[in-house]
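See structure below.
The values are calculated or read from the model by the stated rules, or taken from the named source; none is laboratory data. None of these values were measured; they are calculated from a predicted model. Cβ placement follows ideal geometry from the backbone for every residue including glycine, while neighbour counts extend to all protein chains displayed.
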Amino acid sequence: MRVFFALLFRNRLAGIGGVVLAIIVALVLLTPVLPLQNPDVTAMGDRFLRPLSPGHLLGTDALGRDLLSRLLWGTRLSLAVGFAAAVAAGLIGSAVGIIAGYAGGRIDNAIMRFVDMLMAFPYILLALAIVAALGPGLMNALIAVAAVNVPFFARNIRGITVGLASRDFIDAARLSGKGHVRIVLTELLPNVLPVIVIAMSTTIGWMILETAGLSFLGLGSQPPQADLGSMLGEARAAMISAPHTSVVPGVMIFLIVMSINLLGDGVRDALDPRLKSGALTRPMAATRVARRNVPEAQGSGLLQIDDLEAQFHVGRRVYRAVNGVSLSIAPGECVGLIGESGSGKSVTALSVMGLVASPPGVITGGAVRLADEDLIGAPYARLRALRGNKVAYVFQDPLSTLHPLYRVGDQLTEAITSHHRISAHEARERALKLLADVRIPNPAARLSAYPHELSGGMRQRIGIAMALANEPEVIIADEPTTALDVTVQAQVLALLDDLRRRKNVAIVFITHDFGIVGQLCDRVAVMYAGRIVEEGPTERVLSDPAHPYTRRLIACVPELGGGRRQLPAIPGLPPAVDQLPEGCAFAPRCDRATPDCAQGEIGLRGSLRKVRCIHPEAEVGA
Amino acid sequence: MGRYILRRLISAVPVLLGITVIVFLIMAMIPGDPAAAILGSYATPDNVARLNRELGLEGPLWQRYLLWLWHLLHGDLGRSYALNRPVLDEVLERFSATLVLAGASFILCAVFGILAGVVSAARQYGFADKAITFVVLIGISVPAFFLGMMMILLFAVDLRWLPVSGMYAIYGGGDLMDLLRHLIMPATALAAVATGVIARLTRGAMLEVLRQDYIRTARAKGVHERRVIWGHALRAAMVSVIPVLGIQAGFVLSGAVYIETVFQWPGIGRMLVDAILKRDIVLVQGGVVFVAACYVLFNIAVDVAQSLLDPRIKT
């Protein structure tokens with residue numbers, strides 16, 4: 001509860017709403033004791049006095065009655081009626097909902113059918129019909145507005161009750177011999193009550209508006225009694241000659257409804273912080289870049305990554321996902337990037353084309369050069385021209401990475417038409433050829449399929465075809481086979497390998513699976529806590545790992561037919577990247593660690609093979 | 001698709017029947033003798049009895065309902081005694097005026113609501129987002145009837161840009177231009193709240209969609225950001241926006257009752273209010289059933305639109 005209020009008052013707009021509402025409620029409660037004139041005393045000599053007239057702060061209306069006094073009394077009436085309607089609708093609706101939800105079965109079905117029918121009406125028709133039957137009048141308007149809102153409560157509360165009624169504590173109560181009425185009152189109601197209260201408080205504004213509306217139409221409060229709606233309705237006749245008589249009650253309704261809306265939004269945000277408009281941020285078109293200097297190129301790869309640093313800024317916390325990664329990829333080469341989840345391998349890969357979700361992602365340093373052109377901080381137009389054209393991506397889960405509402409053919413041709421001006425016919429021809437390239441049977445029929453109509457392996461082939469669409473120089477494959485089952489995995493890997501050899505395209509293959517690296521990659525880089533800890537030709541690293549982490553990671557891979565070998569899990573967890581330790585990040589989990597492992601900066605040593613360790617398992621040479 | 005529409009239509013039959021029952025029961029709650037109410041206090045008992053027979057008000061409740069339903073199914077909604085003409089004629093005439101108003105308003109709120117929501121989401125926390133959020137907050141808080149009155153004061157009385165009220169000019173006019181000039185203010189006032197609600201919802205849906213993996217895929221393909229936002233993201237967001245459009249159409253139709261009063265638009269809302277004040281129960285009954293039935297059919301159209309948009313819905 002304390003947390004709730006803390007959250008609520010951190011929201012400045014909700015605070016303003018609360019204050020405005022509190023002032024209005026206080027004024028209304030004090031109305032009987034305030035030194036006001038009688039709201040019903042007419043003075044035909046003082047008709048339509050303007051605001052700020054002596055003795056009449058807000059002026060007078062068509063019958064010379066004091067507007068300030070009428071406003072406060074009218075607000076009092078409107079608030080009371082709105083409140084009463086909300087309580088009445090809330091109580092009746094909740095009772096119906098609880099009964100339906102608790103009883104279940106045929107009773108539930110019958111009640112909810114009826115509720116659905118009531119909800120099939122545009123709400124005001126039902127209200128008008130009820131007023132027509134009962135006759136105009138404030139009480140009848142209240143009944144109509146309350147009745148119209150009963151289905152809303154009934155449906156909401158029923159949903160919650162159904163969820164609760166199947167829970168253990170209700171069963172326990174039933175087994176203990178309690179009657180239905182007692183179970184509902186002592187077990188169910190306390191759990192549903194907060195929801196009812198919140199729903200009521202958020203609908204009060206709506207109820208006030210609706211009763212005011214009926215009064216405005218002349219169907220609610222009848223003279224001389226006046227709520228805000230009927231004040232506005234009566235003032236309409238003189239709207240042009242004396243606009244203030246309309247403005248005064250109108251602005252009051254507006255203030256009440258707005259403050260309740262603000263407060264209601266605040267309450268909702270405080271109760272469910274995930275829904276808070278601020279918490280849901282959308283990634284921008286390209287990752288934000290904030291780097292101080294551009295490092296020298298350390299190699300001459302087609303794709304040359306130098307000292308890349310990427311972070312996530314969440315509130316005041318800084319998560320250092322990538323800490324100075326350098327990697328060089330030659331044309332036609334396949335480099336594996338391997339590590340546990342959270343080691344920074346995907347962030348490294350996404351940084352290349354500025355695809356790290358931002359906010360919260362920020363590239364804080366380093367360079368990524370494609371054929372000597374630095375892409376970090378390149379203008380959006382340049383990045384867009386290269387994306388999918390020179391550097392293409394294949395992502396992990398093909399179901400969530402393909403657009404669910406577009407036909408795969410359209411998604412495929414779009415990859416081409418985003419970079420080349422060609423006719424629809426030509427695009428289709430090329431799409432067909434691409435599908436044949438990735439060995440999709442019956443490609444013409446597949447073009448018009450939606451992603452959900454294809455199997456997982458088929459979808460990933462579409463993903464690969466999309467990456468191949470513009471014959472890129474580099475393909476970055478981010479765990480493209482993780483979501484697939486083993487046989488399909490093998491097919492997709494064989495396909496990638498074949499394409500690489502035929503089209504001479506460089507591949508950066510991100511995975512956590514050493515088996516795949518061994519099959520596919522010329523070289524491999526092992527990442528841990530945002531850094532490369534070992535790098536070298538695949539066979540050498542696999543057969544003779546130098547870094548203790550690599551050795552333990554390889555030891556984790558089960559071997560087919562390996563028998564009852566015990567799989568040694570690595571003890572402990574990777575460090576949280578918002579509080580990286582000094583020295584080697586793996587030291588706390590390492591059995592070779594000595595005190596000097598946790599000190600200073602440990603560099604990457606070696607040239608052909610590199611390792612970031614002061615007590616390596618094997619010597620890597622200079 | 002045709003079969004899906006047919007199935008939805010058939011499933012609407014019980015709802016439509018339910019509507020007739022509910023309306024009939026509410027009207028049956030009226031205390032006292034409707035015939036006496038129609039004929040006034042000078043009626044002779046003979047006259048009252050005869051009118052009761054004519055109105056089908058004799059016999060038990062279920063019998064009266066079935067008789068009423070029978071006439072209803074034959075397109076006979078009864079006769080308005082206050083207007084002395086068949087209810088159906090009056091309802092059709094008035095409803096067509098409401099359709100013009102509510103239809104224009106619905107288009108306004110759908111177009112501007114979605115537009116504002118998308119811009120707001122695409123420029124989250126930017127100036128446009130803040131400005132739109134602020135305007136939306138005011139839009140959803142101001143009562144439509146008050147907004148209408150203030151618009152009349154500003155645009156019709158002060159600036160004299162637009163006519164004060166009505167659907168056509170009394171002298172001359174009567175053409176489409178004239179109708180549009182009369183339509184602008186009431187349609188805008190009526191659309192305000194719904195526009196705000198739709199904008200808010202669209203913004204939320206867009207923010208949710210823009211985080212999805214397939215948006216990253218589109219960007220990775222090199223699709224232009226404009227197309228990512230207005231194509232890929234909006235298309236997916238529409239799946240959650242369209243049902244709300246259906247609900248908001250109901251609110252627009254409801255709000256028309258107030259707006260028709262403020263702008264003296266000769267629509268069915270104003271007709272219902274007048275009929276209630278004149279105790280013309282037959283007219284109220286017929287009008288309510290007619291509009292409710294139209295609304296049910298409209299919602300089926302919304303469902304069909306949804307199934308066209310989202311191939312994952314089984315049709």
Q: Could you please find all residues in segment B:257-295 being in a helix (DSSP H, G or I), in contact (Cβ under 8 Å) with a residue 60 or more places away in the chain, touching a Lys or Arg at 6+ places or on another chain (Cβ under 9 Å) and over 19 Å from B:Arg79 (Cα atoms)?
A: B:Glu260, B:Thr261, B:Val262
Q) Identify, please: which residue in segment A:157-183 is within 16 Å of A:Ala103 (Cβ to Cβ) and hydroxyl-bearing (Ser, Thr, Tyr) and is, among those, modelled with the highest pLDDT? A) A:Thr161
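Can you name every residue in segment B:127-161 that is part of a loop (DSSP other than H, G, I, E, B) and closer than 28 Å to A:Glu210 by Cβ? Can you show your working first?
First pass over segment B:127-161, keeping only residues part of a loop (DSSP other than H, G, I, E, B): B:142-143, B:159-161.
Listed by number, the residues that qualify are B:Val142, B:Pro143.
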(Q) Looking only at segment B:112-128, count every residue that is more than 7 Å from every other protein chain (Cβ to nearest Cβ), crowded, with 18+ Cβ neighbours inside 10 Å and at pLDDT below 90 and tell me the total. (A) 0
(Q) Taking the condition of being modelled with pLDDT under 85 and not in a loop (DSSP other than H, G, I, E, B), how many residues in segment A:598-614 meet it? (A) 2
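Out of B:Arg219, B:Arg227, I need the residue that is closer than 30 Å to A:Tyr380 by Cβ and either facing another protein chain (nearest Cβ under 7 Å) or aromatic (Phe, Trp, Tyr) (or both). Which one?
Details: B:Arg227 fails: either facing another protein chain (nearest Cβ under 7 Å) or aromatic (Phe, Trp, Tyr) (or both).
Being closer than 30 Å to A:Tyr380 by Cβ and either facing another protein chain (nearest Cβ under 7 Å) or aromatic (Phe, Trp, Tyr) (or both) holds for just one of B:Arg219, B:Arg227, which is B:Arg219.
Kindly indicate which of A:Val247, A:Val251 is outside any strand (DSSP E or B) and surrounded by fewer than 17 Cβ atoms within 10 Å (Cβ to Cβ).
Details: A:Val247 fails: surrounded by fewer than 17 Cβ atoms within 10 Å (Cβ to Cβ).
Every option except A:Val251 fails the conditions.
Rundown of residues vs (1) surrounded by 20 or more Cβ atoms within 10 Å (Cβ to Cβ); (2) more than 14 Å from every other protein chain (Cβ to nearest Cβ), yes/no style:
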{"residue": "A:Gly137", "(1), (2)": "no, no"}
{"residue": "A:Ala146", "(1), (2)": "yes, yes"}
{"residue": "A:Phe152", "(1), (2)": "yes, no"}
{"residue": "A:Gly163", "(1), (2)": "no, yes"}
{"residue": "A:Ala173", "(1), (2)": "no, yes"}
{"residue": "A:Val195", "(1), (2)": "no, yes"}
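Hey, does segment A:184-191 have a residue that's among the aliphatic types (A, V, I, L, M) and within 28 Å of the chain's Cα centre (by Cα)? Give the steps one after another, and end with the answer.
Filtering segment A:184-191 for residues among the aliphatic types (A, V, I, L, M) gives A:184-185, A:188-189.
Then drop every residue that is not within 28 Å of the chain's Cα centre (by Cα), which leaves none.
No, segment A:184-191 contains no residue that is among the aliphatic types (A, V, I, L, M) and within 28 Å of the chain's Cα centre (by Cα).
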(Q) Checking the structure you have, find out if any residue of segment B:148-161 is of a type outside the set (Lys, Arg), surrounded by fewer than 16 Cβ atoms within 10 Å (Cβ to Cβ) and either away from chain A (no Cβ under 14 Å) or under 20 Å from the mean Cα position of the chain (by Cα) (or both). (A) yes
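Pick from A:Ile256, A:Ile305: which is more than 11 Å from chain B (Cβ to nearest Cβ), crowded, with 22+ Cβ neighbours inside 10 Å and at pLDDT 90 or above?
On the way: A:Ile256 fails: more than 11 Å from chain B (Cβ to nearest Cβ).
Among A:Ile256, A:Ile305, only A:Ile305 is more than 11 Å from chain B (Cβ to nearest Cβ), crowded, with 22+ Cβ neighbours inside 10 Å and at pLDDT 90 or above.
With the requirement that a residue be of a type in the set (Gly, Ala, Ser) and either assigned to a helix (DSSP H, G or I) or at the interface with chain B (Cβ under 9 Å from one of its Cβ atoms) (or both), what does segment A:363-386 give you?
Going through segment A:363-386, the residues of a type in the set (Gly, Ala, Ser) turn out to be A:365-367, A:371, A:377-378, A:381, A:385.
Listed by number, the residues that qualify are A:Ala381, A:Ala385.
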Q.
When the residues of segment B:296-311 are narrowed to those that are at the interface with another protein chain (Cβ under 8 Å from one of its Cβ atoms) and assigned to a helix (DSSP H, G or I), which ends up surrounded by the fewest Cβ atoms within 10 Å (Cβ to Cβ)?
A. B:Leu309
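Working only within segment B:213-247, note down all residues that are without any contact (Cβ under 8 Å) to a residue 24 or more places away in the chain, hydrophobic (A, V, I, L, M, F, W, C) and within 18 Å of B:Leu115 (Cβ to Cβ).
Within segment B:213-247, just B:Val228 meets the criteria.
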Q. Do we have A:Gly205 as of a type outside the set (Val, Ile, Thr), at pLDDT 90 or above and either out of contact with any helix residue (DSSP H, G or I) (no Cβ under 9 Å at 6 or more places or on another chain) or assigned to a helix (DSSP H, G or I) (or both) here?
A. no
Q | segment A:387-416, subset assigned to a helix (DSSP H, G or I), at the interface with chain B (Cβ under 7 Å from one of its Cβ atoms) and buried (at least 23 other Cβ atoms within 10 Å of the Cβ), residue nearest to the chain's Cα centre (by Cα) | A | A:Thr401
Q | Selection from segment B:263-284 of residues that are more than 7 Å from chain A (Cβ to nearest Cβ) and surrounded by 23 or more Cβ atoms within 10 Å (Cβ to Cβ) | A | B:Phe263, B:Trp265, B:Gly267, B:Ile268, B:Gly269, B:Arg270, B:Met271, B:Ala275, B:Asp280, B:Leu283
Q.
From the list B:Leu83, B:Leu67, exactly one residue is within 25 Å of the chain's Cα centre (by Cα) and either part of a loop (DSSP other than H, G, I, E, B) or not assigned by TED's automatic domain parsing to the domain that holds B:Lys278 (or both). Which is it?
A. B:Leu83
Q. Which of the residues belonging to segment A:324-348 are modelled with pLDDT of 90 or more and in a strand (DSSP E or B)?
A. A:Val325, A:Ser326, A:Leu327, A:Ser328, A:Ile329, A:Cys334, A:Val335, A:Gly336, A:Leu337, A:Ile338
Q) Can you name the residue in segment A:198-210 that is in contact with a Gly (Cβ under 6 Å, 6 or more places away or on another chain) and buried (at least 24 other Cβ atoms within 10 Å of the Cβ) and is also farthest from the other protein chains (Cβ to nearest Cβ) among such residues? A) A:Met207
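Assess whether A:Ala381 counts as being on the phi < 0 side of the Ramachandran plot and surrounded by 22 or more Cβ atoms within 10 Å (Cβ to Cβ). Give the steps one after another, and end with the answer.
On the way: on the phi < 0 side of the Ramachandran plot: yes; surrounded by 22 or more Cβ atoms within 10 Å (Cβ to Cβ): no.
Answer is no for this residue.
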Q. Hey, any hits in segment A:490-508 for a residue that's closer than 30 Å to B:Arg312 by Cα, under 31 Å from the mean Cα position of the chain (by Cα) and more than 14 Å from chain B (Cβ to nearest Cβ)?
A. no
